[in-house]
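Contents: one structure, followed by commentary.
The values are calculated or read from the model by the stated rules, or taken from the named source; none is laboratory data. Quick caveat: nothing in here was measured; it's all calculated off a predicted structure. Positions of Cβ are generated from backbone atoms using ideal geometry, with glycine treated the same way; all protein chains shown enter the neighbour counts.
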Protein chains: 2
Amino acid sequence: MENKREKKRADLRNRLIDAAEDQITQHGIEGLKARAVTQQAGCALGALYNAFEDLDMLVMHVNSRTLQKLGAALTGALPGTDAQPEEVMQALASAYVDFACANQRLWIALFDHRMAQGREAPDWHKQDHAVLIKVIIAPLKDLRPDLDEATLILRARTTFAAVHGVVLLALQGRFVGLPMEALKSEVSALVSAMTRGAHLAIPGETG
Amino acid sequence: MENKREKKRADLRNRLIDAAEDQITQHGIEGLKARAVTQQAGCALGALYNAFEDLDMLVMHVNSRTLQKLGAALTGALPGTDAQPEEVMQALASAYVDFACANQRLWIALFDHRMAQGREAPDWHKQDHAVLIKVIIAPLKDLRPDLDEATLILRARTTFAAVHGVVLLALQGRFVGLPMEALKSEVSALVSAMTRGAHLAIPGETG
DNA sequence: AATAATTCTTGAACGCCGTTCATTTTCGCC
DNA sequence: GGCGAAAATGAACGGCGTTCAAGAATTATT
């Protein structure tokens, strides 16, 4: 049986991801230490590097988990098919804000984490981000039937990034960021402005 | 003369800030090392901690410099007083994108840098961020004469953060970010949508 | 069942990091 | 010129991610 090896290996990997997720939740991504993670996972320090390439890769697995939860939260927030496009956008933005607030440190880890100089995230992890854009495309298509597929994708990314920026600066507590009490209503106003603007924008617009 | 002491001290501080700025420009904020900075500044390792509280504080000084340059770039991009509000907004956003692209690593250092657990940035540095919001308030007031001062400030922060988010994800090269070729036109479309949306939004809106 | 081969586990050790400290040098003042 | 205070110096410290040689465990072979 080669099963026992594989099973133990998978077990350890899961325990390590669990521990890392817990550590990030408790201390933030910058407080994630290899020694604390391995201790919590019940293995030796070196075992981490047998289960994963390095600490960065472990973080990627935590982040992929978070992205799946976030994706579920977003798709779960979608109203029925009879809903107005702006209604859909508002529901998505609201769910995004809620998720970010309820999972602050894990959500921040998604965007604060960067690979070491020159290295790039593996494809399987990049693809996990796709859901963030995918859900936006349908309502955006309703708002802007004039846009071709490629432009639609760009516009979806822009829309996501705009909302994301507002949430990010608020949750990071930056001086220029919004206070938390104002976050939800301001995001709503932003989405409202973007969808109304999108409604009226003429096809020959810039971009 | 106590001047010589003060002069030497100020000289060293400037050399250290220069060196740190150069190191960040070359290797990014995550590549900033105390030993490399002090070597480039021509002083011993320990001298850094006589001139500044720690490396974080040195970074704050670099960031304050960057913010001043950014503020100058923004105010310098303001069109004449006869310009339409949307024109002003577009000019500001365009200047923001240009500055971020032309000073990628310094600009990223502005927002990637975080103080160690629990510590907060000093007030003099926080105040340096104010210019980012200040310039937006005038054109926004023209677009939304119905908003009171407090709401205006919130809306200005939201507007800034939205544009900032789009630029950030693009420059970080994130999977969900825009490709650089699309950045300027998408930001323009975003600003257009926001200002048009702002025009039409009814006073009793959410937020 | 016994043995060989492969893989995993372990924690000490390595190299790099920011920071501190005892020591030496320089400076401001009498 | 000499004295107290401030600054300069780089070795040393503690913490970090990562590696490695040695031993334990699992699988494959006979």
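Pick out the one residue from A:137, A:133, A:108 that is more than 30 Å from residue A:52 (Cβ to Cβ) and part of a helix (DSSP H, G or I). Don't jump to the end; show me each part of the working.
Details: A:133 fails: more than 30 Å from residue A:52 (Cβ to Cβ); A:108 fails: more than 30 Å from residue A:52 (Cβ to Cβ).
Sole residue among the options that is more than 30 Å from residue A:52 (Cβ to Cβ) and part of a helix (DSSP H, G or I): A:137.
Could you tell me how many of the residues in region B:54-80 are more than 8 Å from DNA strand C (Cβ to nearest atom) and charged (D, E, K, R)?
Total satisfying the criteria: 2.
Working carefully through the options A:40, A:127, find the one that is within 16 Å of DNA strand C (Cβ to nearest atom) and either surrounded by 13 or more Cβ atoms within 10 Å (Cβ to Cβ) or farther than 30 Å from residue A:179 by Cα (or both).
Working: A:127 fails: within 16 Å of DNA strand C (Cβ to nearest atom).
On inspection, the qualifying residue turns out to be A:40.
Condition (residue is out of contact with any helix residue (DSSP H, G or I) (no Cβ under 7 Å at 6 or more places or on another chain), more than 25 Å from residue B:114 (Cβ to Cβ), of a type in the set (Ser, Thr, Tyr) and assigned by TED's automatic domain parsing to the domain that holds residue A:141) applied to region A:77-86: is it met by at least one residue? Even if it seems obvious, please write down each step before you answer.
Taking region A:77-86 and keeping what is out of contact with any helix residue (DSSP H, G or I) (no Cβ under 7 Å at 6 or more places or on another chain), we get A:80-84.
Add one more test, that the residue is more than 25 Å from residue B:114 (Cβ to Cβ), and what stays is A:80-84.
From the residues that got through so far, the ones that are of a type in the set (Ser, Thr, Tyr) too are A:81.
Next cut, assigned by TED's automatic domain parsing to the domain that holds residue A:141 only: A:81.
Within region A:77-86, one or more residues are out of contact with any helix residue (DSSP H, G or I) (no Cβ under 7 Å at 6 or more places or on another chain), more than 25 Å from residue B:114 (Cβ to Cβ), of a type in the set (Ser, Thr, Tyr) and assigned by TED's automatic domain parsing to the domain that holds residue A:141.
Report yes if residue A:76 is at negative phi, part of a helix (DSSP H, G or I) and either within 14 Å of another protein chain (Cβ to nearest Cβ) or near DNA strand D (Cβ under 10 Å from one of its atoms) (or both), otherwise no. Talk me through it step by step, then tell me what you get.
Values: at negative phi: yes; part of a helix (DSSP H, G or I): yes; either within 14 Å of another protein chain (Cβ to nearest Cβ) or near DNA strand D (Cβ under 10 Å from one of its atoms) (or both): no.
Here the answer is no, as residue A:76 does not meet what is asked.
Does residue A:81 fit the bill of being surrounded by 14 or more Cβ atoms within 10 Å (Cβ to Cβ), without any contact (Cβ under 8 Å) to a residue 60 or more places away in the chain and away from DNA strand D (no atom under 16 Å from the Cβ)?
Numbers: surrounded by 14 or more Cβ atoms within 10 Å (Cβ to Cβ): no; without any contact (Cβ under 8 Å) to a residue 60 or more places away in the chain: yes; away from DNA strand D (no atom under 16 Å from the Cβ): yes.
In short, no.
Sort out which residues of region A:20-39 are within 13 Å of chain B (Cβ to nearest Cβ), closer than 19 Å to residue A:52 by Cβ and more than 10 Å from DNA strand D (Cβ to nearest atom), and write them in order of number.
A:29, the sole residue that qualifies.
Suppose the filter is assigned to a helix (DSSP H, G or I), over 28 Å from residue A:115 (Cβ atoms) and more than 14 Å from chain A (Cβ to nearest Cβ); does residue B:9 pass it? Steps first, please.
Details: assigned to a helix (DSSP H, G or I): yes; over 28 Å from residue A:115 (Cβ atoms): yes; more than 14 Å from chain A (Cβ to nearest Cβ): yes.
Considered against the rule, which asks whether it is assigned to a helix (DSSP H, G or I), over 28 Å from residue A:115 (Cβ atoms) and more than 14 Å from chain A (Cβ to nearest Cβ), residue B:9 comes out as yes.
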